[in-house]
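Take a look at the structure below.
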Amino acid sequence: MTQATAMVLMFILYGVLPAAGIYLGYRGVKKLTQPKMLEYKAMPQLGYIPEKSLPPEVKQKLDSINDKGEKLKMLYGDTNNDGVIDDSDAVTETYIMIKNVMDKHIPEAVADYRRLHDLDSSSNKTVVISAEKSSTESSRADTTKIKNSDMTGRQALMEVLNTVETQFDGLLDAAYHQDGQKLLATNRYLQQRFEK
């Protein structure tokens, strides 16, 4: 082995490999310690929110709304039934309303609720080492009534999400009955056609 080969080998063994190990270790620790974020296909704007920052009932409601929103977007957005919402589909007012609710109104409501937590003075004074809250600790947004109303911040957010879910249920029911009527009409037409 020549002196140049030995120097290259030493550089790799004592320079590159330790640096790569430190870098990969840093990336691994960073990936393991970062909070799990919300993942909603129909509401990608909520992807920046850590899962632990919302109460469980809000997450359940958002999961339900996300599932219904995906179905409604396909029902009302894919007008040519090719499985993709693209420029060849006719845009309906209902689709635009669903898209606005999913893309704008729900993320704004969640952001407003999270801002209420940021305004909570007791949590700003204390440095929290653990990412988890104790079950006995509750935020001002969950306990203090909003001025001129009889609701807390959490109740107001749940009211918004319940309203959206109720409207989405109504739209899903309407789509079901509309498609059912189309099937019945097709059946009547075919029966009349073959009876002649």
| message | I'm trying to understand the selection: among the residues of region 116-147, which are loosely packed, with under 13 Cβ neighbours inside 10 Å, at pLDDT below 65, within 26 Å of the chain's Cα centre (by Cα) and not aliphatic (A, V, I, L, M)? | response | S130, E132, S134, S135, E137
| note | Taking region 95-113 and the residues there that are exposed (fewer than 13 other Cβ atoms within 10 Å of the Cβ) and among the charged types (D, E, K, R), the one that is nearest to R154 (Cα to Cα) would be E108
| task | Output the residues belonging to region 45-56 that are at pLDDT 75 or above and not in a loop (DSSP other than H, G, I, E, B). | result | Q45, L46, P50, K52, S53, P56
| Here are K59, K30: which of them is assigned to a helix (DSSP H, G or I) and either surrounded by 11 or more Cβ atoms within 10 Å (Cβ to Cβ) or in contact (Cβ under 8 Å) with a residue 40 or more places away in the chain (or both)? | K59
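Residues are listed down the side, and each one gets a yes or a no for (1) surrounded by 11 or more Cβ atoms within 10 Å (Cβ to Cβ); (2) touching a helix residue (DSSP H, G or I) at 6+ places or on another chain (Cβ under 9 Å); (3) not in a helix (DSSP H, G or I):
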position: S149; (1), (2), (3): no, yes, yes
position: L157; (1), (2), (3): yes, yes, no
position: L161; (1), (2), (3): yes, yes, no
position: L172; (1), (2), (3): yes, yes, no
position: R193; (1), (2), (3): no, no, no
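The values are calculated or read from the model by the stated rules, or taken from the named source; none is laboratory data. On a predicted model such as this, the values are computed, not experimentally measured, just so you know. Here Cβ is always computed from backbone atoms with ideal geometry, including for glycine, and neighbour counts include all displayed protein chains.
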